[in-house]
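Beneath this line is the structure, given in structure tokens, with notes to follow.
The values are calculated or read from the model by the stated rules, or taken from the named source; none is laboratory data. Keep in mind the model is a prediction, meaning the values are calculated, not measured. A quick note on method: Cβ atoms are made from the backbone with ideal geometry, for glycine too, and the neighbour counts reach across all protein chains shown. Note: areas computed on protein heavy atoms with side chains; ligands, DNA, RNA excluded. Shrake-Rupley method; radii C 1.70, N 1.55, O 1.52, S 1.80 Å.
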Amino acid sequence: QVQLVESGGGLVQAGGSLRLSCAASGLTFSRYDMGWFRQAPGKEREFVAAISRSGHNYADSVKGRFTISRDNAKNLLYLQMNSLKPDDTAVYYCAATPAQGMAVIPDRYDYWGQGTQVTVSS
């Protein structure tokens, strides 16, 4: 049974930083592309970042501010978020897919965590 569990969300002032973690179990973690998505109230779930065995991909809105990384030995996925803005407020989800290509579409991902709330105050 695949489980993805996010942690690290919280309330932060604009300009601050947070690091999200996602603990994965029940899958061969290193073989999966991993992604971070977010969903704000009243909006669709949107792509934030993805990482494969050899590369990463970012949404234009977070490039230069967010960094995705993974520790395959510990089955952990991270999202370092710097220079946070109020527009970054959302529930953040990690997701896993066996498909290669660092997909940006939620439907390409097979497994999802329960989400962690990030709130950025102005």
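Below, the figures for the structure above:
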{"read-out": "Accessible-area order (highest first, 1.4 angstrom probe) of the listed residues D71, D110", "value": "D110, D71"}
{"read-out": "Of all accessible heavy-atom area on segment 3-122, the percent that carbon and sulfur account for (1.4 Å)", "value": "46 percent"}
{"read-out": "Order of exposure, largest accessible area first, which applies to K85, K74 with probe 1.4 Å", "value": "K74, K85"}
{"read-out": "Beta bridges per DSSP with both ends in segment 37-106, % antiparallel, nearest 5", "value": "100 percent"}
{"read-out": "Simple spin-label estimate for T28 and A40 in nanometres, 7 Å along Cα-Cβ", "value": "4.0 nm"}
{"read-out": "Residues Q1 and A59, FRET efficiency given R0 of 41 Å [Cβ-Cβ distance, rounded to 0.05]", "value": "0.85"}
{"read-out": "Solvent-accessible area per residue for the chain (1.4 angstrom probe, square angstrom)", "value": "51 Å²"}
{"read-out": "Label-point separation in nm, Q117 to D71, each point 7 Å along Cα→Cβ", "value": "2.7 nm"}
{"read-out": "Net charge dipole size for the chain [Lys, Arg +1 and Asp, Glu -1 on Cβ; Debye, nearest 20]", "value": "240 debye"}
{"read-out": "Shape box of segment 11-122 [Cα atoms, principal axes, largest first, Å]", "value": "40, 28, 24"}
{"read-out": "Neighbourhood net charge (9 Å Cβ-Cβ; Lys/Arg +1, Asp/Glu -1) for Y93", "value": "+1"}
